[in-house]
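To keep things clear, I will list the structure first and then write my remarks on it.
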Amino acid sequence: MTTYPILPRHVAIIMDGNGRWAKQHKIKIALGHRTGVEALRAIIRESSDLGIEALSLYAFSTENWKRDPGEVEALMGLLLEFFTSEIDELHEKNVCIRILGDKDGMPEKQRTALISAEERTKDNTGLKLNIAINYGGRAELARAARILAKKAAAGEIDPDAIDEAMVADALYTRGLPDVDLLIRTSGEMRLSNFLLYQCAYAEFLFPTVLWPDFSLADYHQALDAFAKRDRRYGGRNS
Ligand code: IPE
Ligand code: IPE
Ligand code: MG
């Protein structure tokens, strides 16, 4: 197995390009998404084997509800299928699953599957696998503001004492390290509302490969490129 001199603690991936991949192959979009799930399986397994601490995957954004109902339905179906078919293996691999996003806004069956996956794997000590579903970075920050405002109104915290750590604690990613490496496939160079707060000092990589084609070799290339980055956090590494 490949080893890396510097491994990111937290990798985040915007899995983009399923639609274009389906178009290229002249097949239905749903099949593009299905092929995307295959790529995702391999990346989860590899992250776990490499000993990466946390992996956050953008699966469905708060904005993706705008897509046509047929596509949304196909994505919801795939989600349910993923959580039903993968959960045993992930649990066996000691993976701890956390959902980032508003589960209450999900259809009932999916919501139940997400909650049960979290519940079943919550004591696992291996890879922290975060799946962002019905997730938006701005919605997450607004939710954090509500959580802190309620605590202040109840007299549990002093508003003047609110600091960055308290904000971080009110996010879905509570307790996780900041994102070290963000990968977005398909060549698009934007965050699309993903982990706005957590990516403050992330290193960004935008491989042009479409998500269903993203291979372990592409992942290794990204990890190699990350290891060569000079991270300064505003200071100097002389
Ligand atoms: C990403 O692929 C998957 C989701 C948003 C769920 P897209 O479906 O956005 O693929 P493109 O951008 O249309 O190629
Ligand atoms: C971001 O991709 C969301 C996911 C990958 C789940 P989109 O394809 O929805 O983003 P935009 O619309 O190109 O910004
Ligand atoms: Mg896209």
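The values are calculated or read from the model by the stated rules, or taken from the named source; none is laboratory data. Keep in mind that this is a model prediction, so the values were computed, not measured. Every residue, glycine among them, receives a Cβ derived from its backbone with ideal geometry; neighbour counts consider all protein chains shown.
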Worksheet entry | Number of positions in segment 185-225 that are more than 11 Å from I14 (Cβ to Cβ) and of a type in the set (S, T, N, Q) | 4
Practice prompt. Just one of (1) of a type in the set (D, E, K, R); (2) within 13 Å of ligand 3 (Cβ to nearest atom); (3) within 18 Å of A54 (Cβ to Cβ); (4) surrounded by fewer than 16 Cβ atoms within 10 Å (Cβ to Cβ) trips up R190, so point out which.
Written response: (3)
Response to the item:
Among residues of segment 155-175 being farther than 20 Å from L127 by Cα and in a loop (DSSP other than H, G, I, E, B), the residue nearest to ligand 1 (Cβ to nearest atom) is A170
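Is it the case that A74 is over 30 Å from D224 (Cα atoms), modelled with pLDDT of 95 or more and touching a His at 6+ places or on another chain (Cβ under 7 Å)?
Numbers: over 30 Å from D224 (Cα atoms): yes; modelled with pLDDT of 95 or more: yes; touching a His at 6+ places or on another chain (Cβ under 7 Å): yes.
It is true that A74 is over 30 Å from D224 (Cα atoms), modelled with pLDDT of 95 or more and touching a His at 6+ places or on another chain (Cβ under 7 Å).
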Worksheet item: For segment 1-33, how many residues are within 16 Å of ligand 3 (Cβ to nearest atom), buried (at least 21 other Cβ atoms within 10 Å of the Cβ) and among the β-branched types (V, I, T)?
Response: 2
Worksheet item: Would segment 52-74 turn up any residue that is in a loop (DSSP other than H, G, I, E, B), aliphatic (A, V, I, L, M) and under 22 Å from L191 (Cβ atoms)?
Response: yes
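Only residues that are within 16 Å of ligand 2 (Cβ to nearest atom) and either more than 30 Å from Q221 (Cβ to Cβ) or in contact with a Leu (Cβ under 9 Å, 6 or more places away or on another chain) (or both): list them for segment 137-190, please.
Passing the criteria: G137, R138, A139, E140, Y172, V179, L182, I183, R184, T185, S186, G187.
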Item to complete: Please verify whether segment 114-137 includes one or more residues that are without any contact (Cβ under 8 Å) to a residue 12 or more places away in the chain, among the charged types (D, E, K, R), out of contact with any Ser or Thr (no Cβ under 6 Å at 6 or more places or on another chain) and in a helix (DSSP H, G or I).
Response: yes
Worksheet item: Yes or no: S85 away from ligand 2 (no atom under 16 Å from the Cβ), surrounded by fewer than 21 Cβ atoms within 10 Å (Cβ to Cβ), farther than 24 Å from L7 by Cα and at pLDDT 95 or above?
Response: yes
Item to complete: Assess whether I43 counts as being more than 13 Å from ligand 2 (Cβ to nearest atom) and within 20 Å of S186 (Cβ to Cβ).
Response: yes
Discussion item. For D178, only one of the following conditions fails: (1) in a helix (DSSP H, G or I); (2) surrounded by 14 or more Cβ atoms within 10 Å (Cβ to Cβ); (3) of a type in the set (D, E, K, R). What is its number?
Written reply: (1)
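Results for (1) more than 13 Å from ligand 2 (Cβ to nearest atom); (2) β-branched (V, I, T); (3) under 25 Å from R20 (Cβ atoms), shown as yes or no for each residue.
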position: A59; (1), (2), (3): no, no, yes
position: T62; (1), (2), (3): no, yes, yes
position: R67; (1), (2), (3): no, no, yes
position: E71; (1), (2), (3): no, no, yes
position: A74; (1), (2), (3): yes, no, yes
position: I97; (1), (2), (3): yes, yes, no
position: A113; (1), (2), (3): yes, no, no
position: E118; (1), (2), (3): yes, no, no
position: G126; (1), (2), (3): yes, no, no
Worksheet, complete the sentence: When restricted to D16, D88, the only residue acidic (D, E) and in contact with a Leu (Cβ under 9 Å, 6 or more places away or on another chain) is D16
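Could you grab me the full set of residues in segment 1-26 that are within 13 Å of ligand 1 (Cβ to nearest atom), outside any helix (DSSP H, G or I) and over 14 Å from the mean Cα position of the chain (by Cα)?
Within segment 1-26, G17, H25 qualify.
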